[in-house]
Amino acid sequence: MATNARTSFYTEVREQYGQPTVQLLKLYANSNTKLGNMQSRKEFLLKCRRAGIIPSHIVHSVRCAQELIASRSPYTRKLSSSVCRFQKSLLNIEIQDTFHRVRLLNQDLEKLREQIVHQTRSDTYTRFFLTQEFAYHDNLRRKSQQTARKYNRLMNHSVEANQSSLPTENCSAILNATNKIVPPETSILLSLGPKFALPYSHIKQMPLFHLIADVENILSAHTDIELREQTRCRIINRTQNFVNRHSTLGDNRGNPLAQFCQAATVVTTKFIKANPDILITEADKGNRTVIMSLADYDNKMQQLIGDTNTYQQINHDPTGRYERKNNSIVQRLYALQLIDARTKHTLTSYNAVCPRIYGQPKAHKANLPLRPVVPNTTSPTYQLSKYLADILQKSFTSEFNTVDSKTFCTYVNQLTIPTDHVLVSFDAVSLFTNVTKEVVIHDIIMMWDQIRDNTTINLDLFLEIVDFCIGASFFSFRQKYYLQTSGTAMGSPLSPILADIVMENLLSKAIGRANLSPQFIRKYVDDLFLVLHKDQIDAVLAIFNSLNPKIVFTAEVEVNNQLPFLDLLVIRQEDNSIKTDWYAKPISSGRMLNYFSFHPTDQKLAVVNNFIDRVRSLSTIRTREQQDQLIHQHLRNNDYPHTLINRLLRQPRRIENTDRPTVYRSIPYIDGLTPSIKKIITNSGLQLGISHSNRNTVRNLYKSAKDPIPVLNKNNVIYRIDCRDCPSAYIGMTTNKLRTRMYGHQTHINTLENKLAEGYQYTDPEIQLLQEKSALMNHCINHQHRFNIQQPSLVDSTYKRQALQVLEMCHIATTSNTVNHRTDTDNLSCAYANLLSTIKTQRGARNASSTTNQNRQNTRILTTPLTQTNPTNQTAPTINTPQ
């Protein structure tokens, strides 16, 4: 039918307009088909270049070189490098040629369209063009499907070829508690852990400004000005070369690992955006990642904080009230000369934000119950609580405490237990929330003789401060505010030491009542290790549970002469002596820092060496060969290569370095740049330790379980305010809350408006004086413009207050159309000018490229009105492209 219709159409055209018009229409149809083919080919080649793979027809074009490579000559490596560069160049040329052909076809179609419109009536060419529109999209769809299958085959072959250089999935590290199907790339990426560092894909993503700010902070410690300038210039030169090289080489092309991470990041980001009803978070134990329903998480959190015996909902945010009370106490301490001015400044709260509670799923338990955590770092009492905790920590001594697993291992391997005794562990259930204020105050009074030696604060005032810090346990959840009316918050710096003191006193009472031997008792926070007579277990447990009605203990008895405690398996021998083995709970994922993480090599080696030392020191029951087998198995599960593991196992045991620097500074880690900068700083003679921090990790891909802090409540930020009347913008910084800074800007604007309302002119001295307030006011007065004060946007932020000014200057220097004064960047060394200019150019080119890619359409210049409609919503006419 279609053939008959086509024949009928061209016969009709031949009869009305003649054979030359038919040939013109067929030429247009053929060019239209070629354009669809070229568009499909263009997209295929671009996808290959982005993924770093070479199409088969290009690979086969250098088959003779492949034969030479296979012969394993001494020049194989050099030949492989040359072939790789040639193939990439050939791919780039083919992409350019394809773009050129697309442009020519569009031009030819436009000329043919004009001739057709000129030679035929409107009803004829309208029908023909509409049919060709359908034919184009149908052909493009079929060709795109073909090239997609070809691309997938190439990708699968590439993955198989590079399988040994890509991370593997740790299935035990992920718990999917939803009915969502997680993409394989997302599963692999999440199984690597939240600390897995991802590669930076382009200059704009790299934290170069933070690197500059941290370097300037480090160089400020140099007393030799000339040496400081020399070091700065070396660092700038190295950074400049890195930026130039990175922009020339492209974005991680030719690196299968980086390309995999970037592709997996894209897939994971799309998956998370497409499923806003899920929550990705970390389990409380086992180092696992949990995917759960957001509604289920909210319901469980509401049930948890709905416990009226522990929490109480309040109507308003109490942060301001507690901040004023905190600062009042600090002022009293200073007025009584109990603290110095520096301590007063540290303890005073300036920009407190209400703590935000979140829950960690207990992945080892049914129905995924949540453990509440309230990070108090933003609380107004955080520093005061740390101050009290430090005093109590210095005053508290315990004969039962074990510091860590190694200390406990040394202790327990010296034991020989009686024949009729067994190994037992007691665990306090939800200790922190069950440590009451009354018990804490009683225990502090009982040990005041030890505390008074470490503070000049008297008992009454000390107890008042402790009472205030415990009572100031509050948090928010889903824009509602709650007080914790019982116990101490899990997340407060004061809670661990208070719980330790309560547990110590409770343990002392239990020992007296049960007539226990202190030799066979050890404590680690809320876990107790005991050696008890086999007939006394229930009686001793009852005594412990009778001492405090809120603190309940559960018991675990040895099975087959074995008892897990901390990360040790305590094993009783036939002669009743004790041996230990390194132990991981069944719920443990075995996940550690993956070998393929984009961390510094020395950090990964430190992780491996610490693990080796830990297993060898804790596994006293294993032979050296058995220890090495265990180590090898766990490291292989984290993708560490055999050769590296064997080399590290053979090297002699490390000796602790006693000459470590006492002061450390951290700088952002950028692969290929940060190690060089660290070496330059070290060689400059500064007695500082340089550590690295990774800012681009898997954790950044998914949102936090905590409520976000409102933008106006954030502090230590760089912000931007756009002008309402022109493209200009003001870049500023503030160490206070952004809300406070906006109030300041608004006050200046209001003053200006009031004076203008009173009849003053912009040229009057009273108005001109306002220009000195800020560059923002200068622009308002000189250009009579106004800014969107109510809608500031965050440009950057840092927890390092000393780095804030350098960050602001970097952003001002690299932002176009700013109204800031030139003097706003005067404090930044002029040596950075060329580097910042290069970064600005690179970022601008990246933005322009992104905008062009977003706006680029697979257009064919169809100017007739009917082509404005969507062809997918219409029924195609019965005219097909001529064969």
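Laid out as a table, the results:
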| quantity | calculated |
| --- | --- |
| Residues satisfying the stated conditions in segment 601-619, i.e. out of contact with any helix residue (DSSP H, G or I) (no Cβ under 7 Å at 6 or more places or on another chain) and not hydrophobic (A, V, I, L, M, F, W, C) | Thr601, Asp602, Gln603, Lys604, Asn610, Asp613, Arg614 |
| Every pair of residues 6+ apart whose Cβ atoms lie under 8 Å, when the first sits in segment 30-46 and is more than 26 Å from Phe128 (Cα to Cα) while the second is open to solvent by 10 Å² or more (accessible area, probe 1.4 Å) and not hydrophobic (A, V, I, L, M, F, W, C) | Glu43/Ser144; Glu43/Thr147; Phe44/Thr147; Phe44/Lys150; Phe44/Tyr151; Leu45/Glu94 |
| Selection within segment 764-823 - touching a helix residue (DSSP H, G or I) at 6+ places or on another chain (Cβ under 9 Å), closer than 14 Å to Ala213 by Cα and part of a loop (DSSP other than H, G, I, E, B) | Thr798, Lys800 |
| Residue, surrounded by the fewest Cβ atoms within 10 Å (Cβ to Cβ), within segment 352-364, restricted to residues that are touching a helix residue (DSSP H, G or I) at 6+ places or on another chain (Cβ under 8 Å) and assigned to a loop (DSSP other than H, G, I, E, B) | Val353 |
| Residue match in segment 511-525 (condition: within 36 Å of the chain's Cα centre (by Cα) and more than 21 Å from Val422 (Cβ to Cβ)) | yes |
| Residues of segment 328-351 classified as among the β-branched types (Val, Ile, Thr) and in a loop (DSSP other than H, G, I, E, B), total | 2 |
| Contacts under 8 angstrom Cβ, first residue in segment 396-415 being under 28 Å from Trp448 (Cβ atoms), partner open to solvent by 60 Å² or more (accessible area, probe 1.4 Å), 6 or more apart | Phe396/Gln450; Thr397/Gln450; Asn401/Tyr524; Thr402/Tyr524 |
| Residue list for segment 218-240, filter: modelled with pLDDT under 90 and of a type in the set (S, T, N, Q) | Ser220, Thr223 |
| Segment 395-421, residues that are more than 17 Å from Asp581 (Cβ to Cβ), of a type outside the set (S, T, N, Q) and either surrounded by fewer than 14 Cβ atoms within 10 Å (Cβ to Cβ) or within 35 Å of the chain's Cα centre (by Cα) (or both) | Glu399, Val403, Pro418, Asp420 |
| Criterion (in contact (Cβ under 8 Å) with a residue 24 or more places away in the chain and open to solvent by 70 Å² or more (accessible area, probe 1.4 Å)) met by exactly one of Asn326, Asn315, Asn367 | Asn315 |
| Among residues of segment 100-140, those that are small (Gly, Ala, Ser) and either at pLDDT 90 or above or open to solvent by less than 30 Å² (accessible area, probe 1.4 Å) (or both), counted | 1 |
| Any chance Thr33 is at pLDDT 90 or above and surrounded by 12 or more Cβ atoms within 10 Å (Cβ to Cβ) | yes |
| Unique match (being in contact (Cβ under 8 Å) with a residue 24 or more places away in the chain, open to solvent by 60 Å² or more (accessible area, probe 1.4 Å) and under 25 Å from Arg572 (Cα atoms)) among Lys509, Lys534, Lys523, Lys550 | Lys534 |
| Number of positions in segment 272-291 that are surrounded by 18 or more Cβ atoms within 10 Å (Cβ to Cβ) and either over 19 Å from the mean Cα position of the chain (by Cα) or in a loop (DSSP other than H, G, I, E, B) (or both) | 5 |
| Counted residues, segment 665-690 - those being open to solvent by less than 40 Å² (accessible area, probe 1.4 Å) and either among the small types (Gly, Ala, Ser) or part of a strand (DSSP E or B) (or both) | 7 |
| Sole exception among (1) more than 27 Å from Asn244 (Cα to Cα); (2) out of contact with any strand residue (DSSP E or B) (no Cβ under 7 Å at 6 or more places or on another chain); (3) of a type in the set (A, V, I, L, M) for Leu738, by number | (2) |
| Hits in segment 163-193 (condition: open to solvent by less than 50 Å² (accessible area, probe 1.4 Å) and either of a type in the set (Asp, Glu) or part of a helix (DSSP H, G or I) (or both)) | Ser165, Ala173, Thr186, Ser187, Ile188, Leu189, Leu190, Ser191 |
| Condition met for Met301 (touching a residue at least 40 places away in the same chain (Cβ under 8 Å), hydrophobic (A, V, I, L, M, F, W, C) and outside any helix (DSSP H, G or I)) | no |
| Residue pairs meeting the criteria (Cβ under 9 Å; at least 6 apart or on separate chains; first among the basic types (Lys, Arg), in segment 464-490; second not in a loop (DSSP other than H, G, I, E, B)) | Arg478/Asp298; Arg478/Met301; Arg478/Gln302; Lys480/Ile305; Lys480/Gln313; Lys480/Ile314 |
| Condition check for Val429: open to solvent by 60 Å² or more (accessible area, probe 1.4 Å) and within 37 Å of the chain's Cα centre (by Cα) | yes |
| Qualifying residue in segment 634-649 (condition: among the basic types (Lys, Arg) and either in contact with a Phe, Trp or Tyr (Cβ under 6 Å, 6 or more places away or on another chain) or modelled with pLDDT of 90 or more (or both)) | yes |
| Count - residues of segment 370-389 that are farther than 20 Å from Asp307 by Cα and surrounded by 15 or more Cβ atoms within 10 Å (Cβ to Cβ) | 13 |
| Residue within segment 768-781 that is of a type in the set (A, V, I, L, M) and within 30 Å of Arg232 (Cα to Cα) present | yes |
| Positions within segment 618-629 being assigned to a helix (DSSP H, G or I) and surrounded by 18 or more Cβ atoms within 10 Å (Cβ to Cβ), in sequence order | Leu618, Gln627, Asp628 |
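Matching residues to (1) crowded, with 19+ Cβ neighbours inside 10 Å; (2) modelled with pLDDT under 70:
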residue	(1), (2)
Asn788	no, no
Ile812	yes, no
Val819	yes, no
Asn827	no, no
Ser837	no, no
Ala848	no, yes
Thr852	no, yes
Arg856	no, yes
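The values are calculated or read from the model by the stated rules, or taken from the named source; none is laboratory data. Treat the numbers as computed from the prediction; the structure is a model and nothing was measured. FYI the Cβ positions are ideal-geometry reconstructions off the backbone, even for glycines, and counts take in every protein chain you see. The protein model used for the area step is the full one, side chains on, heavy atoms only, and it has no ligands, DNA or RNA in it. Shrake-Rupley method; radii C 1.70, N 1.55, O 1.52, S 1.80 Å.
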